[in-house]
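The values are calculated or read from the model by the stated rules, or taken from the named source; none is laboratory data. Keep in mind it's a predicted model, so treat the numbers as computed, not measured. Methodologically, a virtual Cβ is constructed for each residue, glycine included, from the backbone with ideal geometry; neighbour enumeration extends over all protein chains shown.
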Amino acid sequence: MFYPAIEAFVLAGGKSSRMGTDKGLVQLNGKPMISYVLKALEETELPVKIIANNPEYEKFGLPVCNDLVKEKGPMGGLLTALNNTDAEVVLLISCDIPFITSEAIKLLLRAADEEHITAALVKDRINPLFAAYPVHLKKIVKNLIASEELKMTDFILKNPPTLLPSVAKEMPWCFRNINNKQELKEAEERWSHLL
């Protein structure tokens, strides 16, 4: 196990407006997209929960947490995670990065601590949905949602983070996310060897 105590939450509660259907359940080479993320997490031996409002996610045999405050995007998902854990830190990870590996997750977790947000830098941009958040930030997150300040990057930068460019540099393909049917088709054709 890792120190500090970390629990992973897979964010699958989005509307998936560009995909036209629930993204995490979309079939990618015959399996739901979320299943690839869950497999990588399973290899890390972290406890895992899914954040989703769709009861279909219960079929994966993991606890499913409904959004605490609906329609608040990833910030709402983060609050739900912080409210549903006994760990010191939560790893928030999106369901739409099927090429993520347990190695990439472990690299992030090795840098995580209970004081600072730890996030991957991908092409010089913070990835808030591949990041570890200390639970002590729960009150701040709650207040931001109450005041409709929902930009994750702004929140991360205001709470001096540890930013890791190394994860994406070593494994850039890991962070390819799939937002629409065209990207899904490309992934099936060109990246099947990575699954």
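Here are some notes:
- Of the residues in region 29-52, none is touching a Ser or Thr at 6+ places or on another chain (Cβ under 7 Å), of a type in the set (A, V, I, L, M) and surrounded by fewer than 21 Cβ atoms within 10 Å (Cβ to Cβ).
- Meets criteria (more than 23 Å from Met171 (Cα to Cα), crowded, with 21+ Cβ neighbours inside 10 Å and not polar (S, T, N, Q)) for Val89: yes
- Selection count, region 158-181, where residues are modelled with pLDDT of 85 or more and either farther than 15 Å from Ala120 by Cβ or surrounded by fewer than 14 Cβ atoms within 10 Å (Cβ to Cβ) (or both): 5
- Applying the set (1) in contact with a strand residue (DSSP E or B) (Cβ under 9 Å, 6 or more places away or on another chain); (2) in a helix (DSSP H, G or I) to Glu103 leaves exactly one unmet item: (1).
- Residue check for Phe155: in a helix (DSSP H, G or I) and either surrounded by 19 or more Cβ atoms within 10 Å (Cβ to Cβ) or of a type in the set (Lys, Arg) (or both): yes
For every residue, the table says whether it meets (1) within 24 Å of Glu103 (Cβ to Cβ); (2) in contact (Cβ under 8 Å) with a residue 12 or more places away in the chain; (3) over 16 Å from the mean Cα position of the chain (by Cα).
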position: Val141; (1), (2), (3): no, yes, yes
position: Ser147; (1), (2), (3): no, no, yes
position: Asp154; (1), (2), (3): no, no, yes
position: Leu157; (1), (2), (3): no, yes, yes
position: Ser166; (1), (2), (3): yes, yes, yes
position: Asn177; (1), (2), (3): yes, yes, no
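- Unique match (being in contact with a Ser or Thr (Cβ under 6 Å, 6 or more places away or on another chain) and either outside any loop (DSSP other than H, G, I, E, B) or hydroxyl-bearing (Ser, Thr, Tyr) (or both)) among Ile93, Ile126: Ile126
- The listed residue being within 16 Å of the chain's Cα centre (by Cα), within 25 Å of Leu108 (Cα to Cα), at pLDDT below 95 and not in a strand (DSSP E or B), out of Gly24, Gly76: Gly24
- Counted residues, region 146-195 - those being more than 18 Å from Ser94 (Cβ to Cβ) and of a type in the set (Val, Ile, Thr): 1
- Breaking point among (1) in contact with a Ser or Thr (Cβ under 7 Å, 6 or more places away or on another chain); (2) crowded, with 20+ Cβ neighbours inside 10 Å; (3) within 15 Å of Ile156 (Cα to Cα), for Ala119: (1)
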